[in-house]
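Presented below is the structure to which this report refers.
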Amino acid sequence: MFGECHAHIIMDGVNYRHAVDLHKNGPDEGAIREHLKAYQDRGITFVRDGGDALGVSLRTKQIAPEYGIDYRTPVFAIHKEGHYGSIVGKSFSNMKEFHLCVLKAKDKGADFIKIMTTGLLDFNDHGTVTGMPLSAEEVKEMIHIAHEEGMAVMSHTNGCYGVKAAVSAGVDSLEHGNYMDEECLDMLAENDTVWVPTLVTIRNLMGDGRYEDRVLRPIIETAEKNVRKAFARGVKIAPGSDAGAYRVLHGKGIQDEIEAFEEILGKEKKVYDWLAEGEAEIRRKFSRR
C-alpha cells in the first residue's frame, strides 16, 4: 500500500471547526488515535503531515510508532502575515522572523519545514488563486534559509507564478500545484522537486453540493491534463490526498487518490512504479538531515 504524502491529522474530513475545537485545550489523544487507527487498519505505514498551530501533529509523531507508522511533520506551517496559512501554522513579517520560525520548528523536532506561498483556488473565478502570492525573491530566501538549517521544504503553492517561483528556488516538494502551464511542467521535469497534486481535494467534492459540479469539473479536467503531461515528461510525483480536508478521510483519502491516478492513467505497472518512486523521494528528502 502506498503511503500518505500529505495529511492534516488535526482535521477529520467532515467538519473542520469541530475537529479543531477538540484540540483547543491541548491535543486530543482520542481523536489522534482514531485517525492513526484508520491508517493502521488499511496497512498504511507512512504519513507526512502538513502541520498545525495547536501541536497536534507534534503529539501524533510521539504516538504514531505505537501504530507502526513512520510519521513526519513540520510541526507547524509558516506563512507571511496577512497571507493565507493561519489555520495550519505561525506567521512572520520579515525574514529574520521567518528564520526564527524555522529554528523554533527545528527545536521542537520538525522533520522538515512547510511554507505557504499562495492562497487557495477561487471557486468563483476559474483559473485564479485567492490572495497575492509571495514574491519570487521572498520564496527564494525562505527556501534558502530552511536549506541552510538542514531542512527540506514542503510548499503549499497554486498558480503559475507561485509554482515557477518555488521550483526555481529549489523547493523539495510542491503541494497542490493547480493551474500549472506548460512552462511549469517543463521546470518540474528539469528539477528534483516532487509534485504532490492532492487530486481528491476537488474530485471528492463532486456531487456534494457545497460547490456546483459545473464549477468543479474544469478544475478537475485541468488537473487530469497536467497529470498526463507530467507522466509523459517524467515529472516526479508522489501520492498525497490532503487527508483531513473536507470529504477526504484519513486512511481512505490515499486510497481515493490512487484510484484517481488509475482513472487518469490506467492501472498499469509503470504508473504504480512512477508513484512509488515519487513516494520514495519524499521519504528520502523529508527527514532530518
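The values are calculated or read from the model by the stated rules, or taken from the named source; none is laboratory data. This is a predicted model, so every value here is computed, not measured. Virtual Cβ from ideal backbone geometry, glycine too; neighbours counted across all protein chains shown.
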Inset, instruction - Report whether or not residue 232 is out of contact with any Cys (no Cβ under 9 Å at 6 or more places or on another chain), in contact (Cβ under 8 Å) with a residue 24 or more places away in the chain and not in a loop (DSSP other than H, G, I, E, B). - result: no
Inset, instruction - May I ask you to verify whether residue 215 is of a type outside the set (Asp, Glu) and under 29 Å from residue 32 (Cα atoms)? - result: no
Inset, instruction - Examine region 84-92 for a residue that is of a type in the set (D, E, K, R) and in a strand (DSSP E or B), and state whether such a residue exists. - result: yes
Legend entry - Any chance residue 257 is part of a helix (DSSP H, G or I) and buried (at least 23 other Cβ atoms within 10 Å of the Cβ): yes
Legend entry - Test for residue 193: is it β-branched (Val, Ile, Thr) and within 30 Å of residue 15 (Cα to Cα): no
Inset, instruction - Specify the residue that is farthest from residue 75 (Cα to Cα); the eligible residues are those in region 119-155 that are touching a Lys or Arg at 6+ places or on another chain (Cβ under 8 Å) and aliphatic (A, V, I, L, M). - result: 136
Legend entry - Subset of region 110-134 [more than 19 Å from the chain's Cα centre (by Cα) and either assigned to a strand (DSSP E or B) or at pLDDT 95 or above (or both)]: none
Legend entry - Of the criteria (1) small (Gly, Ala, Ser); (2) under 30 Å from residue 275 (Cα atoms); (3) more than 14 Å from the chain's Cα centre (by Cα); (4) surrounded by 16 or more Cβ atoms within 10 Å (Cβ to Cβ), which one residue 68 fails: (4)
Inset, instruction - Exactly one condition in (1) part of a helix (DSSP H, G or I); (2) in contact with a helix residue (DSSP H, G or I) (Cβ under 6 Å, 6 or more places away or on another chain) is not met by residue 97; state its number. - result: (2)
Legend entry - The one condition in (1) touching a residue at least 12 places away in the same chain (Cβ under 8 Å); (2) surrounded by fewer than 19 Cβ atoms within 10 Å (Cβ to Cβ); (3) charged (D, E, K, R) that residue 148 fails to fulfil: (1)
Inset, instruction - From 142, 187, grab the single residue that is touching a strand residue (DSSP E or B) at 6+ places or on another chain (Cβ under 6 Å), of a type in the set (A, V, I, L, M), more than 20 Å from residue 264 (Cβ to Cβ) and in a helix (DSSP H, G or I). - result: 142
